[in-house]
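Inspection log for the structure reproduced underneath, given as structure tokens.
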Amino acid sequence: MLPEKRKMFKLTWKIWLWIIVLILALISIFITPNFLQKGVVISEVEKNSTAFEQGLRQGQVISEVDGNKIENAGDFSKIISEKFSLNESVKLTIKTQQGEHVLYSNLPPEITVSNIPKTNLKTGLDLSGGARALVKAKDEKLTHSQINDLVNIISNRFNVYGISDITVKSVSDLSGNYFMLVEIAGATPRDLQELISQQGKFEAKIGNETVFIGGERDITSVAKSGQDAGIYSCSQPQSAGDYFCNFRFTIYLSEDAAKRHAEITRDLEANYSTPEGNYLSQKLDLYLDDKLVDSLLISEGLKGRITTQVQISGSGSGAEKSDAIKDAEAKMKHLQTILITGSLPFNLEIVKLDTISPKLGDRFTKYILIAAIAALFSVATIIFIKYRRLKLVFPPLLICTSEIIIILGVSAIIRQDLDLSGIAGILAAIGTGIDDQIVMLDEAERKESLTVKQRIKRAFGIVLGAYFTSAVSLLPLLWAGAGLLKGFAVMTLIGITFGVLITRPAFADIIKKIEEKNASA
Amino acid sequence: MDEKTEQRTETSKQKFSERFIKFHDKNYKLLLFIPVILFVFCFAYMFNFYQKNSDFIYRDISLTGGTSVTISEQIDIDDLRKAVSGKLESVDIREISDLVTREQIAVIVETKADKSQTQKVLEDYLGYPLVEGENSNFEFTGSVLGEDFYKQLLIAILIAFCLMAIVVFIQFKTLVPSLAVIGCAFADIFMTLVAVNILGISVSTAGIVAFLMIIGYSVDTDILLTTKALKRDEGSLNRRIFDSFKTGIAMTLTSLFAVLIALIIVGPFSQILSQIFTIMSIGLGFDIFNTWVTNVSVIKWYASRKKKNV
């Protein structure tokens, strides 16, 4: 009795391999960089802000604020909003694993936090919400290096603008066209379309002569906050009409641009006066993509002088004062971004733009889980009806569940986002897995002269044949349609490959054990 | 069940299967007329369809270009349809409801118009702004890109099909059985295509992926049948075919039920998954027919001729 029992529990190397791979998959899913830490993780810090100066960085974990433990993003925003409800300067102590950071300000810290992710899985935009744009050059076929330049400029633009949770990359399709793919997680920025596709050709002209243009050649830096940038006045010209708010910020010109300014203004006359002082006869006209956005008066004192400091201004409007402020802030940020990053080398066109709200995604994930469990249950039922043996129901279920875990684990390692097409891919892989298991079960169950081992070996011939046909038929999808359906192909390929290499051999051995035990009983 | 009735059912079962095998042995060539007739019908239908639409399928906006807006608000869709029908090009409006409460969750508006125009028309009707990511989602595809995607996905299916065919040939190394497997995959796709068109489904990029999935699932059972029937020699040919049928039908039915259940649960939520599951269930259904009616006859014919020659 005893030796037999021991034999039953002896696992073959194939089963061991399966268990090891399964454990590795679980580790790659659940052991995150901030494993077991409590708090919220900083997902974004505005550069040049007080928070940034005090050493807060993206990726740090905030565990306490003013001595209060922080468990989730809700705790954090509650404390912050209570503290900064009055427009008074207060002291804020933020504790991270790097130490304590003390901030004095009348404004909330310029950081964005999110809950610590519980897994390494990254859900795609269609599940977690966000925006995705596919961009190509108008009337021009870009080369590989051109698209890479473009990707750099756009990444820089978003960086300057202050959006960090973004991926910009080049993708190509079957016919060799290059596209730029921009994906932003979370909320969609208001002027996403402009940021991505607006060429952003900025020119400052006096008369017909260009003084300076956007980009680092002429503009060495742009003030973004503090004394030298902001909204300085709001008004409502007609009662019951729209509000207007004006912004201004300082930019610093390069030596060359400043000299140009001096030369052009040298010959102008100061013949325009206002109560504030005298100004030159011509204005500094600001053009954005050949459209006049503002005209600035040039004060008499600047005539012929090499000056590197120029103040840029503009305005925003809205039905309410708060709307007007928001609009003006957005316009200022936009203009600052373009002035720093310069114009794009091509005229671009958004050929695909999808935005997905995070709300639908949550509900969706729940239903997908329900569907997966129900589908597994139906598989179990059919297997039970076919074989009438409860013992044979569990191995397929176990193997299927393990296949899902392995696919997710591998996708976490190779950083493949889990999106809808990926879920369809997992389903396809699991379906193929079930099919193969039924082939093997049927071969093993047959009452023939061959040993179980031989019969399962034969079943493997069919499994391998089916594997190669499925695998090759997925290959074209890796490129077709600018790779937007790649998730499907990748997930299915992972699933069926690990299936053939790891889970099916383990399944075969499990079945052998059950059958052998059956035979000896 | 006592022993006697068990024996009786056993013998009646045997009798039935014997009678069935006899019938099949006699008529399997005649059975091939059913798929032939079906095939002729499908060809005629597709010919006619292509003449009328100069395309193989009805494409949705992800393949023609246009805008799809999902608005997560309570809206009377009949009224909305009346209000926007003249202002947006070929507009289609549907609603999504909760599976349990039947409460309206969102409204989906699809049109060939571009994003800004669609947004403006809808905002004019609704009287409030549509903020992306908050109360609405937009999906916009440029018409040139849609056309491009469509062509490339067709090419992808073609390449996939050819690669599959090559692998099958390498595996069986004989013409007729390989052609039977490949032909079955083709028939599955073709008949599903006709069914999808008859149902009037507008196919999206995801739908085309579903056609690709049919290739994989179709080939599974055919390889099983061909391997068992031709590469093995234990038992009679009929016995081997029947064995593979028992295995194969279990494979297809498990897939079919799993897909149908997923369709019922997730379908109302996601057009993408609902379309993949719908097309797959149709394809799996045709696969049962094409494998176990058509292919069995072809294989049987081939095997008996080979036997005669030997």
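The values are calculated or read from the model by the stated rules, or taken from the named source; none is laboratory data. Since we're looking at a predicted model, the values are computed, not measured. Positions of Cβ are generated from backbone atoms using ideal geometry, with glycine treated the same way; all protein chains shown enter the neighbour counts.
Every condition in (1) out of contact with any helix residue (DSSP H, G or I) (no Cβ under 9 Å at 6 or more places or on another chain); (2) in a strand (DSSP E or B) holds for B:K151 except the one numbered (2).
So B:D188 clears everything in (1) of a type in the set (D, E); (2) modelled with pLDDT under 85; (3) under 11 Å from the mean Cα position of the chain (by Cα) except one condition, right? Which one? B:D188 satisfies every listed condition except (2). Within the range B:149-165, the set of residues being surrounded by fewer than 16 Cβ atoms within 10 Å (Cβ to Cβ) and either at positive phi or facing another protein chain (nearest Cβ under 7 Å) (or both) comprises B:I155 only. Please go through the range A:114-136 and give me each residue that is assigned to a strand (DSSP E or B) and hydroxyl-bearing (S, T, Y), ordered by number. A:S114, A:T123 - these are the residues of the range A:114-136 that are assigned to a strand (DSSP E or B) and hydroxyl-bearing (S, T, Y).
For the range A:439-493, filtered to residues that are assigned to a loop (DSSP other than H, G, I, E, B) and among the charged types (D, E, K, R), the residue that is modelled with the highest pLDDT is A:R446. Every test in (1) more than 10 Å from chain B (Cβ to nearest Cβ); (2) in a helix (DSSP H, G or I) is passed by A:Q416 save one, and that test is (2). With respect to the conditions (1) farther than 27 Å from A:E194 by Cβ; (2) in contact with a Lys or Arg (Cβ under 6 Å, 6 or more places away or on another chain); (3) buried (at least 19 other Cβ atoms within 10 Å of the Cβ), A:Y104 lacks only one, and its number is (3). When B:L273, B:L256 are checked against the criterion of being closer than 25 Å to B:V181 by Cβ, buried (at least 20 other Cβ atoms within 10 Å of the Cβ) and touching a helix residue (DSSP H, G or I) at 6+ places or on another chain (Cβ under 9 Å), a single residue qualifies: B:L256. If I filter the range B:122-142 down to residues being hydrophobic (A, V, I, L, M, F, W, C) and within 21 Å of B:S202 (Cβ to Cβ), which single residue comes out as farthest from the other protein chains (Cβ to nearest Cβ)? Step by step, filter the range B:122-142, then rank; the result is B:L122. Here B:D222, B:D233 are screened, and the one residue that is more than 8 Å from chain A (Cβ to nearest Cβ) and either buried (at least 24 other Cβ atoms within 10 Å of the Cβ) or in contact (Cβ under 8 Å) with a residue 12 or more places away in the chain (or both) is B:D222.
Is it the case that B:I93 is in contact with a helix residue (DSSP H, G or I) (Cβ under 7 Å, 6 or more places away or on another chain), closer than 25 Å to B:T205 by Cβ and of a type outside the set (S, T, Y)? Taking the combined requirement at face value, the residue satisfies it. Reported count of residues in the range B:72-96, each being part of a strand (DSSP E or B) and either farther than 16 Å from B:N135 by Cα or at pLDDT 85 or above (or both), is 3.
Checking the structure you have, find out if any residue of the range B:289-305 is within 11 Å of chain A (Cβ to nearest Cβ) and either in contact with a Gly (Cβ under 6 Å, 6 or more places away or on another chain) or in a helix (DSSP H, G or I) (or both). No, every residue in the range B:289-305 fails to be within 11 Å of chain A (Cβ to nearest Cβ) and either in contact with a Gly (Cβ under 6 Å, 6 or more places away or on another chain) or in a helix (DSSP H, G or I) (or both).
Could you check the range A:409-439 and list, in sequence order, the residues that are out of contact with any Gly (no Cβ under 8 Å at 6 or more places or on another chain) and either surrounded by fewer than 23 Cβ atoms within 10 Å (Cβ to Cβ) or hydroxyl-bearing (S, T, Y) (or both)? Once the filter is applied, which keeps residues that are out of contact with any Gly (no Cβ under 8 Å at 6 or more places or on another chain) and either surrounded by fewer than 23 Cβ atoms within 10 Å (Cβ to Cβ) or hydroxyl-bearing (S, T, Y) (or both), the range A:409-439 yields A:V410, A:A412, A:I413, A:I414, A:R415.
Scanning the range B:94-129 for residues that are surrounded by fewer than 19 Cβ atoms within 10 Å (Cβ to Cβ) and within 27 Å of the chain's Cα centre (by Cα) yields B:R94, B:E95, B:I96, B:S97, B:D98, B:L99, B:I108, B:K112.
Pick out the one residue from A:A257, A:A270 that is in a helix (DSSP H, G or I) and touching a strand residue (DSSP E or B) at 6+ places or on another chain (Cβ under 7 Å).
Sole residue among the options that is in a helix (DSSP H, G or I) and touching a strand residue (DSSP E or B) at 6+ places or on another chain (Cβ under 7 Å): A:A257.
Taking the condition of being more than 19 Å from B:L212 (Cβ to Cβ) and among the acidic types (D, E), how many residues in the range A:410-435 meet it? Of the residues in the range A:410-435, 1 are more than 19 Å from B:L212 (Cβ to Cβ) and among the acidic types (D, E). Residues in the range B:253-278 that are at the interface with chain A (Cβ under 7 Å from one of its Cβ atoms) and more than 17 Å from A:G425 (Cβ to Cβ) were compared, and the one that is modelled with the lowest pLDDT is B:F269. Could you go through the range B:204-214 and let me know if any residue there is among the aliphatic types (A, V, I, L, M) and surrounded by fewer than 21 Cβ atoms within 10 Å (Cβ to Cβ). The answer is no, given that none of the residues of the range B:204-214 is among the aliphatic types (A, V, I, L, M) and surrounded by fewer than 21 Cβ atoms within 10 Å (Cβ to Cβ). Scanning the range B:238-267 for residues that are touching a Lys or Arg at 6+ places or on another chain (Cβ under 7 Å) and touching a residue at least 60 places away in the same chain (Cβ under 8 Å) yields a total of 0. How many of the residues making up the range A:109-154 are within 13 Å of another protein chain (Cβ to nearest Cβ), in contact with a helix residue (DSSP H, G or I) (Cβ under 6 Å, 6 or more places away or on another chain) and over 23 Å from A:I338 (Cα atoms)? The number of residues fulfilling the criteria is 4. None of B:A195, B:A250 is of a type in the set (G, A, S) and within 11 Å of chain A (Cβ to nearest Cβ) except B:A250.
Of the numbered criteria (1) in a helix (DSSP H, G or I); (2) at pLDDT below 85; (3) more than 8 Å from chain B (Cβ to nearest Cβ), the one A:I406 fails is (2). Checked against the criterion of being on the phi > 0 side of the Ramachandran plot, among the polar types (S, T, N, Q) and assigned by TED's automatic domain parsing to the domain that holds B:Y125, the candidates B:S90, B:S72, B:S85 yield just one match: B:S90. Restricting attention to the range B:99-112 and to residues that are within 14 Å of another protein chain (Cβ to nearest Cβ) and in a loop (DSSP other than H, G, I, E, B), the residue that is farthest from A:K366 (Cα to Cα) turns out to be B:E103. Can you say whether A:S225 is out of contact with any Leu (no Cβ under 9 Å at 6 or more places or on another chain) and small (G, A, S), as far as the supplied structure shows? Yes, satisfied. Selection of first residues in the range A:467-480 that are assigned by TED's automatic domain parsing to the domain that holds A:T432 and of second residues that are among the aromatic types (F, W, Y) and assigned to a helix (DSSP H, G or I), restricted to Cβ pairs under 9 Å at least 6 apart or on distinct chains, gives the following pairs, ordered by first then second residue: A:S470/B:Y217; A:S473/B:F161; A:L474/A:F488; A:L477/A:F488; A:A480/B:F149.
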